[in-house]
Amino acid sequence: MRWIARLGAETLRLLEVSGRYGLFLLNSLWCVVTPPYRVAAAVRQIRFIGAHSLFVILFTGLFTGMVLGLQGYYTLTKFGSIGFLGAAVALSLVRELGPVLTALMVIGRAGSAICAEVGIMRNSEQIDALECMAIDPYRFLIEPKVAAAVLVVPLLTCIFDAVGIFGGYLVGVHLFDVSSGSYFQGMYSAVDWLDVRMGLVKSLLFGVLLVWICSAKGFFLHLERDGGFGAEGVSRATTSAVVLSSVSVLVWDYLVSAVML
């Protein structure tokens, strides 16, 4: 009967973790939509999450578009459909690769730092001190990060898409002599508002998702099985946050695609 007891204990633990994370998300979103608004703190987070991630987004987007242009050219050549190169590059970026790769890059650059920051504050009892001074830690710490991610991640996704399309243009038009008119005409005829809307919905969801998981991992550092106090606990929680948020982005990418297609 021991395995039944272990199964029950693990189920109760999962339910407890799910409820704790769900309440964390609800409290964070409630602070975002209700005053007082911490505009200055949100602007600092926009600079940290958005402006400081711009270079890696530009670099990744350019070479992603170039790879798509290269692979798309050799694939479409087999079917005599070179005129669809622009459509293939644009659709791949706008609907799938743009939101997903942008979220993964932001998780690696900013999400890990968010988890480490909040985890160190929990580790050094700064969050407990905020609660003792009757300062809401959700509004003080989490709300600016969520608001910034909601604004910044869709903008970074749009930049990623534009740079990626330009990278595909460089490879297709300047390297393989594909007609510039057919590249842009194929893109114009294939991409419509539904595709753009899908990419924006995904990027908005991924922005909330990555801040939620990374912040919660640090916030509940002392309650996590892979966390604990000390530098080692912070490092384990940060690693777990990056892995879990990255996997969650891929899972929700499929779910949103299945619903919206």
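Read the figures in this text as sums done on the coordinates, not as results from a lab. Model, not experiment: these values are computed from the prediction. Neighbour counts are summed over all protein chains in view; Cβ atoms, including those assigned to glycine, are modelled from backbone coordinates with ideal geometry.
What to note about this one:
- Proximal aspartates and glutamates relative to LYS78, as straight alpha-carbon distance under 19 Å, when same-chain residues fewer than 8 apart are discounted: ASP177
- Paired Rg and Dmax values of the stretch 39-260, which use every Cα atom, in angstrom: 20.2, 69
- The stretch 63-159: relative contact order as a whole-number percent, Cα under 8 Å and 6+ apart: 25 percent
- Selection among VAL249, ILE4, LEU93 by position relative to the dipole of the chain gives ILE4 as farthest towards the positive end (Cβ unit charges, Cα centre).
- Degrees between helix 231-260 axis and first principal axis of the chain (Cα, 0 to 90, nearest 10): 50 degrees
- Extension gain from VAL196 to HIS52, taking 0.36 nm per residue of separation minus the Cα-Cα distance: 49.4 nm
- Relative to its Kirkwood radius, the Cα radius of gyration of the stretch 167-258 gives an Rg/Rh of 1.25.
- Per-residue Karplus couplings for the stretch 172-187, computed as 6.51 cos²θ - 1.76 cosθ + 1.60 with θ equal to phi - 60°, are listed in order as x, 7, 8, 9, 10, 6, 6, 4, 4, x, 5, 4, 6, 5, x, 5 Hz, Gly and Pro entered as x.
- Across the stretch 10-19, computed HN-Hα scalar couplings (Karplus, 6.51 cos²θ - 1.76 cosθ + 1.60, θ = phi - 60°) run 5, 5, 5, 5, 5, 5, 5, 5, 4, x Hz from first to last residue, x flagging Gly and Pro.
- The helix-only estimate of mean residue ellipticity at 222 nm for the chain, built from DSSP H runs of length n ≥ 4 each weighted as -39500 (n - 2.57), is -25500 deg cm²/dmol after division by the residue total.
- Candidates GLU117, GLU16, GLU232: whichever shows maximal mean-square fluctuation once the chain is modelled as a Gaussian network with Cα springs under 10 Å: GLU16
- Whether the stretch 1-108 is rounded, prolate or oblate, judged on the alpha carbon gyration tensor where a/c under 1.5 counts as rounded: oblate
- Among the cysteines of the chain, those with no neighbouring cysteine Cβ under 4.7 Å are CYS31, CYS132, CYS158.
- Calculated FRET value between LEU70 and ARG44, using beta carbons and R₀ = 35 Å, to 0.05: 0.35
- Residues within the reach of a label modelled at SER179 (point 7 angstrom out along Cα to beta-carbon, backbone nitrogen below 15 Å), restricted to the stretch 83-116, are 83-87.
- For SER179, distant residues with modelled amide H under 5 Å away: none
- For the stretch 111-125, putting each phi into the Karplus relation 6.51 cos²θ - 1.76 cosθ + 1.60 with θ = phi - 60° gives couplings of x, 5, 5, 5, 4, 5, 4, 5, x, 5, 5, 5, 5, 8, 6 Hz, in residue order, rounded to whole numbers and with x for Gly and Pro.
- Rounded to the nearest 10 degrees, the inclination of helix 193-219 to the longest alpha-carbon principal axis of the chain is 30 degrees.
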